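See structure below.
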Amino acid sequence: MNPVSKVDRPKSTEAFRRAKSLIPGGVNSPARAFGAVGGEPLFIQRAEGPWLFDIDGQKYLDYIGSWGPMILGHCHPLVQSAVVDALSRGSSFGAPTEAESHLAGLVIDAIPSMERVRFVSSGTEATMSALRLARGVTGRDKIIKFAGCYHGHADSLLVAAGSAATTLGVPNSPGVTKGCAQDTLVLPYNDSQALEDAFKAEGSAIAAVIVEPVAGNMGLVPPSADFRRALRELTRHHGALLIYDEVMTGFRLALGGAQELLGDDPDITALGKILGGGLPVAAYGGKREFMEKVMPAGPVYQAGTLSGNPLAMAAGIATLTELRRLNPWPALEEQGARLEDGLRDLCVRLGIPATINRVGSMWTLFFTGQPVTDYASAKSSDTALFGRFFWAMMDRGIYLPCSQFEAAFNSALHDAALIDLTLKAAEGALAEATRG
Ligand code: KE4
């Protein structure tokens, strides 16, 4: 029996035991291991629309959506049929196909700052390649990232903030060398002054600043207007490239992502998740002057056996085409606001210190009474309470992200009835989680 849950899931327990005998930690990505909330992960049998079904026959309303991709819901018929149709013609050729240009055209139409785009197979590849391009274009070595932002597991991005004085990065994983980390400066998110100071000190050595334009990896933290202004002005003034990591926000916050919603104009953008509709597709792209430096057009090397994979392209084309037709963002905003207001009312009524951050269909309920504007304030949250709330919601059939420091994702199928179902579950779960 899972010590943190009131529901017995014997098949998941056995599946996890077997998985741990074969796969490190029993999972193929640490985010799924439930380490931050205790207990053991559920093994999923199938999904449909907004629902997940585990191998013990339990049904859950899905608020992770594969960590973002499933904005249309699971098993969308148009995506399914597109992939099956593509599969009938073969799964991979290692040669160009017209589908790649079709999806590239949809991306470029959606995101005006992207005049050229290169497909890869994961968000990590996209951000790693964007940084290599920025270093290749500028001839500079240093990059700036922000504490609490996650850009995948490329070595130069697995870096924590070093001593505050120097902001020089230190590895935050074994295997990342000091030599690699030393070129990564880590600053507080939303801190324009720190950014200005870093450029004053190192401006001529900085190749790029990479940022989640709306942060989802410390929980949901929106950017201040002043921070966004500083990002664009300081990079432009010092000749560094501004990289928007929209792997999570691309096509999620608007068809053109956070940069459309906020009216921003980055030099390079990284995309992923929704771009592949659940299949492995990611991309980086930007101004033609920069992208034309990518091999074979230019000297900056980047490659991938399954980049532009026909099945993944088909899923992406179907997803973006349906998003353009459906235009789900007004409803995602309306239902997101309904959920935010409902959760806030519950926490006030129950006397629970909480902060809810939301942008469109991305949100986080932080168990802290203070505003959450960066990683330090996010970490003031009561993560033990979050763990109890997570399992109390799971036992009521609501599947939330398994960490206080992740964003939740509504799909276009999370309608008013499902939001109300969520709020009903939350009322009981909050009361249970806060009982002494
Ligand atoms: P992938 O390499 O996991 O496809 O993408 C890395 C990445 C890059 N940029 C942003 C803004 C991201 O959110 C991610 C990956 N997000 C995590 C969830 N916080 C994926 C879940 C996981 O690691 O299993």
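Tabulated data for the structure shown
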{"read-out": "Spin-label model distance (nm) - residue 225 vs residue 21, 7 Å beyond Cα toward Cβ", "value": "6.1"}
{"read-out": "Straight-distance crosslink candidates among aspartates and glutamates, where the alpha carbon sits under 13 Å from residue 379 and sequence neighbours closer than 8 are dropped", "value": "406"}
{"read-out": "Residues whose placed amide H lies under 5 Å from that of residue 245, excluding near-sequence neighbours", "value": "211, 212, 270"}
{"read-out": "Fluctuation leader among 190, 309, 327 - the chain, Gaussian network, Cα springs under 10 angstrom", "value": "327"}
{"read-out": "Residues 70, 393, sorted so that the one with the fewest Cβ neighbours within 10 Å comes first", "value": "393, 70"}
{"read-out": "Antiparallel content of DSSP bridges confined to the stretch 77-326, in %, to 5", "value": "45"}
{"read-out": "Extension reserve of the residue 416-residue 92 stretch, reckoned as 0.36 nm per residue once the Cα distance is removed", "value": "112.5 nm"}
{"read-out": "DSSP loop chymotrypsin sites (Phe, Trp or Tyr not before Pro) with at most 12 other Cβ within 10 Å: longest gap in the chain", "value": "94-300"}
{"read-out": "The stretch 92-192: antiparallel DSSP beta bridges as a percent of all, rounded to 5", "value": "45"}
{"read-out": "Rounded if a/c under 1.5, otherwise prolate or oblate - the chain, Cα gyration tensor axes", "value": "oblate"}
{"read-out": "Charge sum, other residues only, whose C-beta stays under 9 Å from residue 423's C-beta, Lys/Arg counted +1 and Asp/Glu -1", "value": "-1"}
{"read-out": "MRE, 222 nm, helices only [DSSP H, n ≥ 4, -39500 (n - 2.57), over the chain, to nearest 500]", "value": "-11500 deg cm²/dmol"}
{"read-out": "Hits among lysines - C-alpha to C-alpha of residue 178 under 22 Å, sequence gap 8 or more where chains match", "value": "142, 145"}
{"read-out": "Share, in percent, of DSSP beta bridges within the chain that are antiparallel, nearest 5", "value": "60"}
{"read-out": "Nearby lysines by direct alpha-carbon distance to residue 59 (threshold 23 angstrom, same-chain neighbours under 8 apart not counted)", "value": "6, 11, 424"}
{"read-out": "Zone of residue 337's modelled label, taken as backbone nitrogen in the stretch 416-430 under 16 Å from a point 7 Å along Cα→Cβ", "value": "416"}
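Only the coordinates and a few stated rules stand behind these numbers; no lab work does. Fair warning: this is a prediction, and the values are worked out from it, not measured in the lab. For neighbour counting, all protein chains shown are included, and Cβ atoms are generated from backbone atoms with ideal geometry for every residue, glycine included.
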